[in-house]
């Protein structure tokens, strides 16, 4: 009986450590209650998982994870929410669009720009992070506060990735 219990306990522990994230519309990320964000996922494990998926290095992780509210820029202005991961030492910000349903936040995969993890890497002290821009040609992600601020010739780079589970 004891061997069966130890086997079950070991299996359960391994299953918990190997948790994959459901990057679709059904994974609840957080709840908003009384002016506080309460994460529904393990934030330490999630930060490490996303860093590994984006940078292919298990030794990297993000310092901070938060849910933010912003207004898009460009021809059409809309309000939107996003999950923001920050690495302060390397001046890296990664975001993922969120859908707010009642007082809960979920990933939104209803269009390509919402399903991306967008990363801004800056080689300066400037604090650029990804922003949603909407112009007549459509929606897209930029780094900085204006279109063209982050370009191949600038001190900032943008990287976009879809993480499939």
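Shown for 81, 128, 69: other C-beta atoms within 10 Å of each C-beta, ranked fewest to most, produce the order 69, 81, 128. Which FRET efficiency value, to the nearest 0.05, is calculated for residue 160 and residue 45 with the Förster distance at 25 angstrom and r the Cβ-Cβ distance? About 0.60, to the nearest 0.05. Here r is the Cβ-Cβ distance between residue 147 and residue 60 and R0 is 22 Å; the resulting FRET efficiency, rounded to 0.05, is 0.15. Computed from the Cβ-Cβ distance with R0 of 30 Å, the FRET efficiency linking residue 68 to residue 137 stands at 0.75. For the stretch 41-114, the square roots a ≥ b ≥ c of the C-alpha gyration tensor eigenvalues yield an a/c of 1.5 or more together with a/b exceeding b/c, which makes the shape prolate.
Quick note: the coordinates plus some simple rules give every number you see, no bench work behind them. The shown structure was predicted, so the numbers you read here are calculated from the model rather than taken from an experiment. Ideal geometry is used to build each Cβ from the backbone, glycine not excepted, and the neighbour counts take in all protein chains shown.
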